[in-house]
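The structure appears right after this line, and notes come after that.
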Amino acid sequence: DWLNAAKDDFDWYVNTGTTPTLNTGPNSDHTTGVGNYMYTEADGNVPARIALLISPCVDISSLANPFLEFWYHMYGLWMGTLSIDIDTVGVWVLGIDSIVGDQGDNWFEKQVDLTAFSGIIRVRFRGLTGASISSDMAIDDVKIYDKPPNDVGVIFIGDPNSGCGLSATEPVTVEVKNFGLDPQDTVPVSYSVNGGPPVNDTIFVLLNPGNTTIFTFATSADLSTPRSEEHTSELQSHSFIS
């Protein structure tokens, strides 16, 4: 039930893979690399033309901490501006957040605080093209959700590296991010090898919302067993706040 607005300059389009114009736009979607995303085609729609994509009505009255989350791709020398507008009781609040200019050839996550709004709302993505055709912008994985106060997770395992000849004392290093609303200073973490007993540790670092930290466990991992047809060493890392 998402709609392109009737009174704008051009439309948002569903796309898979690359956009038609060189040196702008993503090469694939954010989620799987082979899925769909929405984008604005700047070729033929410059300069400073607007495309409006409007969500269906969403009731956020039951959400304690409503947030809009999406991934965006804004790559191009003449990239324009992506703004977020909110419709509440028939009145559009313009530009509660904006992203301006070339952000590089990557997908980035954006979270927008909606706690200033209540009841039934609509979200509008307002894409404004730049001065030339290298201004294709894209969005993917859009959701509105109740952001929990305490939410910490592992986003990357830095060590051990994969390869042959791993030892019985491999360091285990993880990157942890605070996805929640509240600062955290005591984060329990654990890992296990091949489903074995967990190795527990604790991160004692002030981790503000949205921030990350890199942590190395005090206890190393035994990954000395060679991989074979019957056996594969597997490291699983866990981090949680309850």
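The values are calculated or read from the model by the stated rules, or taken from the named source; none is laboratory data. No experiment lies behind these values; they were computed from the predicted model shown. Please note: Cβ atoms are built from the backbone with ideal geometry, for glycine as well, and neighbour counts cover all protein chains shown. Areas reflect the complete protein model, heavy atoms only, side chains present, ligands, DNA and RNA absent. Shrake-Rupley method; radii C 1.70, N 1.55, O 1.52, S 1.80 Å.
Over the range 67-132, accessible surface divided per residue gives 43 Å², non-protein components excluded, 1.4 Å probe.
Report note on the peptides 127-135, 160-168, 33-41: ranked by the mean count of other C-beta atoms within 10 Å, highest first, their order is 127-135, 33-41, 160-168. Normalised by the number of residues in the range 22-169, the mean separation of alpha-carbon contacts (under 8 Å, six or more apart) gives a relative contact order of 38 percent. Ellipsoid semi-axes for the chain, based on the Cα gyration tensor and the rule √(5λ), read 41, 24, 14 Å when sorted largest first. For the chain, the carbon plus sulfur part of the accessible surface works out to 52%, probe radius 1.4 Å. Under a model in which nothing but the beta-carbon of Lys, Arg (+1) and Asp, Glu (-1) is charged, the chain shows a dipole of about 440 debye around its Cα centre. Estimated translational diffusion coefficient (Stokes-Einstein, Kirkwood radius over Cα pairs, 10 °C, 1.306 mPa s) of the range 59-182: 92 µm² per second. Peptide packing: for 92-100, 178-186, the average count of neighbouring Cβ atoms within 10 Å per residue gives the ranking 178-186, 92-100, highest mean first.
The residue among Ser118, Gly104, Asn194 whose Cα reaches farthest toward the positive pole of the charge dipole of the range 97-198, with charges on the beta-carbon of Lys, Arg, Asp and Glu, is Ser118. A convex hull fitted around the alpha carbon atoms of the range 1-83 yields 125 Å³ per residue. For Ala221, the residues 5 or more places off, or on other chains, whose built amide H falls under 5 Å of its own are Glu170, Val172. Rounded to the nearest whole Hz, the Karplus-based 3J(HN,Hα) values (6.51 cos²θ - 1.76 cosθ + 1.60, θ = phi - 60°) of the range 213-219 follow the sequence 8, 9, 9, 10, 5, 5, 9, with x at glycine and proline. Dipole size of the range 1-72 about its Cα centre, with +1 on Lys/Arg Cβ and -1 on Asp/Glu Cβ: approximately 100 debye, rounded to the nearest 20. Amide H to amide H, with H built 1.01 Å from N, Leu207 comes under 5 Å of Gln184, Asp185, counting only residues 5 or more places away or on other chains.
Calculate, for Lys7 and Asp113, the FRET efficiency according to 1/(1 + (r/R0)^6) with r their C-beta to C-beta distance and R0 30 Å; round to the nearest 0.05. The computed FRET efficiency comes out at 0.60.
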